[in-house]
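One structure is given here, and the rest of the page talks about it.
The values are calculated or read from the model by the stated rules, or taken from the named source; none is laboratory data. A quick note: this is a predicted structure, and the numbers were derived from the prediction, not measured. Positions of Cβ are generated from backbone atoms using ideal geometry, with glycine treated the same way; all protein chains shown enter the neighbour counts.
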Amino acid sequence: MALTYANDMASDGAGGQIQRIIGIIALAEALRVPYDHSPIIKIDYHGWDLYVNKEFDLELPKKWDAFLGFPRTIASPSTESRVWNNVFSDQLPDISRWIRNGGQARIVLPYPFLDVFPQYLDKVRPKLWAWYDGTPKPRLEGTDKFQVSIHVRRGELHLWESQRMLPNQYYLSIIRELKKHVPADAEFHIHSEGNVSADKGTEEVFRSEVHSAYMREPSKHLRKNRDHFEDFVKEGCILHINEDIFQTFHRCVSADIFVMSKSSLSHVMGVYSRGIVVYQPFWHSPLPSWCVAPTWHMIMSPKDILPIGPRMIIEKLMPKKSKRWDQLRAACMLRRAQI
């Protein structure tokens, strides 16, 4: 039989589930066994505009499947089916044996394997690119200038898991570093969600039925200008706020340089990118070809400061020069030589 995604065992956002699917494709590559596709059947988050209007797109799972061009070898239910919730390295022989004896291995989370062996994602990228290129894509308005796309994860993270949001200052530090090594007329595109209002005051955001499992309070009051997107405008960036997700995805993966956030969708876009990828360490391992930025320490409360005191503040505000910057500079020089 084959490996497949246990698409009915758990739900998540589009990025989280696509990351699982391409991780299972990488696992099949590592084990040298067939992969049968099980499409996403439910997506939890449908974008900020739909969230605040308490709406959702019933066709969104099918749209993602068609957009990425996944194979048509759809997995069928099997009596010889077994589920692995997490795939650890010591389970690999058991999974391989099960498949070679005619069983269907349904995987929920491939991450324990993938975080040890991220190189297998590199191996399946040509296959992912071929599927991706085989389906229609949105037209990108722009020029032939050097393109830098930056994913600034915001939106619903103001309502839960706010610790994953990197501050504007992090992205600005990356932009300023990149400007030293890219053409002077390079375009910097900021992709995010949220409220672009410059008004003072707050707005009340209510819990959506789609996300009731995540946002525990009935509502939250958020500052209207909480994201300060004007910081990026002052730096000469082009804003794409609350843009169609497929437009965002295609621009990010088509850019000469893609700067990730701490996000599963970012991780997926990094895998599909054919340019330079700048990764900030978080809970999923980088691909060997990615440029790893110096770790940005997050200070969420006074408790975070107590264990290591002033050292954390200094590192947060003034990241030290690092060999990682040298790697990024070299990657930029190579990219400029290729185009």
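What the table below lists for this structure:
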{"quantity": "Qualifying residue in region 29-45 (condition: within 21 Å of the chain's Cα centre (by Cα), aromatic (Phe, Trp, Tyr), in a helix (DSSP H, G or I) and over 14 Å from Val124 (Cβ atoms))", "calculated": "no"}
{"quantity": "Of all residues in region 131-149 being farther than 11 Å from His189 by Cβ and among the polar types (S, T, N, Q), the one that is modelled with the lowest pLDDT", "calculated": "Thr143"}
{"quantity": "Condition broken by Leu128, with the remaining ones in (1) at pLDDT below 95; (2) of a type in the set (A, V, I, L, M); (3) assigned to a helix (DSSP H, G or I) satisfied", "calculated": "(1)"}
{"quantity": "Of all residues making up region 189-212, the number that are crowded, with 17+ Cβ neighbours inside 10 Å and acidic (Asp, Glu)", "calculated": "1"}
{"quantity": "Candidate set: region 32-87, residues that are among the aliphatic types (A, V, I, L, M) and within 30 Å of Arg207 (Cβ to Cβ); chosen: the one surrounded by the fewest Cβ atoms within 10 Å (Cβ to Cβ)", "calculated": "Leu58"}
{"quantity": "In region 194-212, the residues that are under 16 Å from Phe56 (Cα atoms) and in a loop (DSSP other than H, G, I, E, B)", "calculated": "Arg207, Ser208, Ser212"}
{"quantity": "Of all residues making up region 1-28, the number that are assigned to a helix (DSSP H, G or I) and under 10 Å from Arg106 (Cα atoms)", "calculated": "1"}
{"quantity": "Failed item, numbered, when Pro183 is tested on (1) over 17 Å from Asn242 (Cα atoms); (2) buried (at least 18 other Cβ atoms within 10 Å of the Cβ); (3) not assigned by TED's automatic domain parsing to the domain that holds Asp90", "calculated": "(2)"}
{"quantity": "Qualifying residue in region 49-66 (condition: assigned by TED's automatic domain parsing to the domain that holds Lys127, farther than 30 Å from Glu156 by Cα and aromatic (Phe, Trp, Tyr))", "calculated": "no"}
